[in-house]
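Q: Okay, handing you the structure first.
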Amino acid sequence: MTRRIVLLQAGLRNPSTTRMLAEELEREIKAAFEHEGYGAQTRIVDIRDHAHAIVDTFMTGFSGPELQDVLDAVIAADALVVVTPTFSASYSGLFKSFMDIVEPEALVGKPVVLAATGGSERHSLMIDHALRPLFAYLGADPVRTGIFAATGDFGGTDGQLTARVRRAARELVGRVCGAGVVQAGSQDEGNGPAHKANGTPRLAPAKGFGDDVVPFEQMMSNLGVGR
């Protein structure tokens with residue numbers, strides 16, 4: 001069965017790092033679903049394209065056809081991915097305005113990946129201090145791993161951003177399909193879907209946040225402290 005995933009990105013420029021992050025999330029989410037034997041139909045929505053229609057909706061109480069099509073897609077989606085730039089330590093006003101016209105109760109129980117971009121890592125807590133409370137209020141079901149990408153993360157060679165994106169993608173598959181996913185580094189990862197004897201996908205719990213943290217003593221030893 002194919003799952004429908006809508007990615008809402010609130011970047012104000014074209015091109016933008018917010019759009020770039022949405023595209024990377026789209027690629028990794030598709031790959032994660034396919035790896036577990038499921039299909040994924042994705043759609044990226046550029047909220048900036050509907051800015052005037054959003055204002056008109058506030059003024060008139062009615063949405064135009066194109067904006068209504070987006071709202072219907074959000075309601076019908078099996079899961080959402082939201083990506084917003086950071087302004088004043090929070091999500092953008094355009095992003096909030098869009099969320100304000102989504103029908104009340106429409107997101108109850110819906111799995112969501114929370115992601116944001118910003119100029120530096122200093123803003124990274126906005127996901128847990130701003131985005132997560134918003135979606136908790138809306139009754140959605142955000143995955144554990146949030147994705148914050150600073151300007152320096154794009155074009156980097158350490159792979160940390162991609163690793164976080166892949167972790168969130170695996171968690172989303174687990175939420176949508178009602179099970180965990182193959183853990184990173186397991187025998188089955190990278191070799192296609194694992195299967196039980198009856199042919200159904202064999203899914204293991206996703207690695208939790210902090211499971212790969214290096215112990216403090218090891219960090220000090222690597223730096224030569226205490227030798």
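Q: Say a paramagnetic label sat at a point 7 Å from the Cα of Asp100, along Cα to Cβ; which residues of the range 53-90 have their backbone N under 19 Å from it?
A: 53-64, 67-68, 71, 83-90
Q: Assign unit charges at the C-beta atoms only (+1 for Lys and Arg, -1 for Asp and Glu), then state the dipole size of the range 2-178 relative to its Cα centre in Debye, rounded to the nearest 20.
A: I would put it at about 420 debye.
Q: When His52, His123 are ordered from fewest to most other Cβ atoms inside 10 Å of their Cβ, what list results?
A: Fewest-to-most Cβ neighbours within 10 Å comes out as His52, His123.
Q: For a protection proxy built on the mean count of beta-carbon atoms within 10 angstrom, sort 139-145, 58-64, 171-177, 10-16 highest first, please.
A: So the order, starting with the most tightly packed, is 171-177, 139-145, 10-16, 58-64.
Q: Let me ask something else about it. Share of antiparallel DSSP beta bridges in the range 38-126, in percent to the nearest 5?
A: 25
Q: Separate question: Pick out, from Gly155, Ser88, Val113, the residue whose Cα sits farthest towards the positive end of the charge dipole of the range 2-178, with +1 on the Cβ of Lys and Arg and -1 on the Cβ of Asp and Glu.
A: Gly155
Q: Once label points are set 7 Å from the Cα along Cα→Cβ at both His129 and Phe58, what is their separation, rounded to one decimal in nm?
A: Here the modelled spin labels are 2.4 nm apart.
Each reported figure results from applying straightforward, stated rules to the coordinates on display, with no laboratory input. Quick caveat, the model's predicted, so the values are computed rather than measured. With ideal geometry, Cβ positions are generated from the backbone for all residues, glycine too; neighbour counts draw on all protein chains shown.
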